[in-house]
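Written out below as structure tokens is the structure these notes cover.
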Ligand code: ADP
């Protein structure tokens, strides 16, 4: 099992699944969600409409359309609301449930964006710690997953993740 930190546009990656920081409607939006729907094309939205929606912390899977990845796992991160409203646990659930969906579909490589750290306002360092700890803990139980990528779009996140992975 391997963890790798990359500074990339997640839509360009050739992995079994890229994870989308979606919203509850699954109808697309800004940030990474918009980039994924634009790059993947309308097939993704069509599948999302059939699924209907997704609760915070849950995860669902669709095609990746025209992107090099094979699937998109859509998960809905928590909106930051001061930190005393279950934000950490909900963010943990995003990582756990995305890994669970990957295992159920026999996927070996999965790439996560920095869920909730854009418009949803989760403090970056706290979110990075939740992400790294959750994935590392889960790995023991998910031996079928070979590689997890943390995709950092901004330098601040990249430096945070690099530091934590080295620890
Ligand atoms: P959220 O609503 O969950 O906060 P955002 O899309 O606003 O989602 O931001 C989540 C993270 O995704 C941010 O760190 C942002 O910099 C990053 N991001 C935006 N576009 C891309 C992309 N094309 N590839 C990877 N990460 C991206």
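Where a number appears in this text, it was derived from the coordinates with a stated rule and is not lab data. Predicted, not measured: the structure shown is a model, and the values here were computed from it. Cβ: placed from backbone, ideal geometry, glycine included. Neighbour counts: every protein chain shown.
Values for this structure:
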{"read-out": "Number of the exception - residue 1 against (1) over 21 Å from residue 125 (Cβ atoms); (2) surrounded by 22 or more Cβ atoms within 10 Å (Cβ to Cβ)", "value": "(2)"}
{"read-out": "Pair list, Cβ under 6 Å, 6 or more apart: the stretch 9-25 residue free of Cβ contacts under 8 Å to residues at least 40 places away in the same chain, other residue within 12 Å of the ligand (Cβ to nearest atom)", "value": "none"}
{"read-out": "Test: residue in the stretch 21-34 that is more than 9 Å from the ligand (Cβ to nearest atom), closer than 28 Å to residue 165 by Cα, crowded, with 21+ Cβ neighbours inside 10 Å and within 16 Å of the chain's Cα centre (by Cα)", "value": "no"}
{"read-out": "Criterion (part of a helix (DSSP H, G or I) and in contact with a strand residue (DSSP E or B) (Cβ under 7 Å, 6 or more places away or on another chain)) met by exactly one of 36, 73", "value": "36"}
{"read-out": "Selection within the stretch 109-164 - more than 10 Å from the ligand (Cβ to nearest atom), in contact with a strand residue (DSSP E or B) (Cβ under 7 Å, 6 or more places away or on another chain) and part of a loop (DSSP other than H, G, I, E, B)", "value": "145, 146"}
{"read-out": "Residue ID - farthest from the chain's Cα centre (by Cα), chosen from residues in the stretch 106-126 that are buried (at least 24 other Cβ atoms within 10 Å of the Cβ) and under 21 Å from residue 87 (Cα atoms)", "value": "122"}
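To keep it simple, each residue is scored yes or no on (1) crowded, with 18+ Cβ neighbours inside 10 Å; (2) more than 9 Å from the ligand (Cβ to nearest atom); (3) farther than 22 Å from residue 135 by Cβ.
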| site | (1), (2), (3) |
| --- | --- |
| 14 | no, yes, no |
| 66 | no, yes, yes |
| 70 | no, yes, no |
| 87 | yes, yes, no |
